[in-house]
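Take a look at the structure below.
The values are calculated or read from the model by the stated rules, or taken from the named source; none is laboratory data. Everything numeric here is computed off the predicted structure, so don't read it as measured data. Note: ideal-geometry Cβ built from the backbone for every residue, glycine included; neighbour counts use all protein chains shown.
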Amino acid sequence: MRQGLITGGVAGAAVLLAALALSQATPNSRQTGAAATRGPNGFRNMTPAQRAAATRRFLGLGPPPDKAAAALGAPLFRQNCAFCHGPQARGAEGPNLITSEEVLDDEHGERLEAFLKKGRPAMGMPSFATMSDTQLYDIAEFLHEQVEDVANRGTYHVLNILVGNAAQGKEYVDSHCMTCHNAETFAHLASRFRSPDQLQRGWIWPEGLRNDGSLAITATVKTPDGGTISGRVTQVSDFRITLVDSFGQTHVIDRDPGVEVEMKDPLAAHEAMIPSLTNEDMHNVTAYLETLK
């Protein structure tokens, strides 16, 4: 399973599926040592170590890499291998080793050590027979750590983003946001998100609120015969538009000559704001909203 998920350029999709599956796990689906992935918030409530272990099992990544050995293997790899494979084994003149079968099929060097000692001289890969078993083991663990960093989303750590100026954030909100919103909109907004990074994504682009219909894109379509159809847009292209009206009925309308479409997107102002939004603006507004918990 490990090789099938990671090779072929689908590692990112596998990681996303892992996160979704684990976040929706049933009470008895997986144990993670100190805690189980219980309910929709189970994965979110785990410690980083528990998330990493649960994701590793789901993806079939095998045992975790030996971090101490990987640290010793990093300079050895960069000195002997990076000119072909890149400093993080992502590939350069030589292939990317993150998706290499030799790496993915190995656990703790039992295959890689023999492979590295022999090399593939006919394909331009030298033998490393003069290296000790310990050095080859360290290089193998370095490679496994690179795979872990790419594939295991559970190991990622989000840095503290509350580094902005809350007073300046309030000024930004007052000057840019109050034409559409009021103070009530922002009161306790931060309490709806589990972390500041989630808050920051949420206020910049509150796409998730489309799911409950409150920010759905709507349209009014006027047909050549004088009829009018209004509803929530579920699909739109240059050729047709699909609406769901207030009764739940679906309408598929060809955009033939004479058909007029007027669309309303509640997030249009957010879309217009994004190109001019600076990192400083984002951090300042997030810091300000965090004070309104």
task = From the list HIS251, HIS270, HIS181, pick out the single residue that is of a type outside the set (Val, Ile, Thr) and in contact (Cβ under 8 Å) with a residue 60 or more places away in the chain.
result = HIS270
query = Just to be sure, is PHE186 over 27 Å from PRO206 (Cα atoms), in contact (Cβ under 8 Å) with a residue 40 or more places away in the chain, of a type outside the set (A, V, I, L, M) and surrounded by 12 or more Cβ atoms within 10 Å (Cβ to Cβ)?
reply = no
task = Inspect all residues belonging to segment 115-124 and state whether any of them is under 23 Å from ALA151 (Cβ atoms) and surrounded by 15 or more Cβ atoms within 10 Å (Cβ to Cβ).
result = yes
request  = Test each condition in (1) over 29 Å from LEU159 (Cα atoms); (2) touching a residue at least 12 places away in the same chain (Cβ under 8 Å); (3) assigned to a loop (DSSP other than H, G, I, E, B); (4) charged (D, E, K, R) for ASP225 and report the one that comes out false.
outcome  = (2)
request  = Provide a single number: the residues in segment 103-131 that are under 18 Å from ARG78 (Cβ atoms) and either among the polar types (S, T, N, Q) or not assigned by TED's automatic domain parsing to the domain that holds GLY62 (or both).
outcome  = 1
inquiry  = Restricting to segment 49-89, and then to whatever is surrounded by 20 or more Cβ atoms within 10 Å (Cβ to Cβ) and aromatic (Phe, Trp, Tyr), can you tell me which residue is farthest from PRO126 (Cα to Cα)?
reply    = PHE58
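Of the residues THR286, THR242, which single one is among the hydroxyl-bearing types (Ser, Thr, Tyr) and either touching a Leu at 6+ places or on another chain (Cβ under 7 Å) or in a helix (DSSP H, G or I) (or both)?
Details: THR242 fails: either touching a Leu at 6+ places or on another chain (Cβ under 7 Å) or in a helix (DSSP H, G or I) (or both).
When all the criteria are applied, what remains is THR286.
Of the residues in segment 250-287, how many are small (Gly, Ala, Ser) and loosely packed, with under 11 Cβ neighbours inside 10 Å?
3
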Residues that are part of a helix (DSSP H, G or I) and touching a Leu at 6+ places or on another chain (Cβ under 9 Å), drawn from segment 184-201 = PHE186, LEU189, ALA190, SER191, ARG192, PRO196, ASP197, LEU199, GLN200
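Hey, among ARG78, ARG56, which residue is charged (D, E, K, R), in contact (Cβ under 8 Å) with a residue 40 or more places away in the chain and assigned to a helix (DSSP H, G or I)?
On the way: ARG78 fails: in contact (Cβ under 8 Å) with a residue 40 or more places away in the chain.
Sole residue among the options that is charged (D, E, K, R), in contact (Cβ under 8 Å) with a residue 40 or more places away in the chain and assigned to a helix (DSSP H, G or I): ARG56.
From the list GLU107, GLU113, exactly one residue is touching a residue at least 12 places away in the same chain (Cβ under 8 Å) and part of a helix (DSSP H, G or I). Which is it? Let's see the steps before the verdict.
On the way: GLU107 fails: part of a helix (DSSP H, G or I).
Matching residue, one of GLU107, GLU113: GLU113.
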query = On the given criteria, is ASN152 surrounded by fewer than 18 Cβ atoms within 10 Å (Cβ to Cβ), over 20 Å from ALA82 (Cβ atoms) and not aliphatic (A, V, I, L, M)?
reply = no
key: segment 158-180, subset surrounded by 12 or more Cβ atoms within 10 Å (Cβ to Cβ) and either in contact with a Gly (Cβ under 7 Å, 6 or more places away or on another chain) or not in a helix (DSSP H, G or I) (or both), residue modelled with the lowest pLDDT   = ILE161
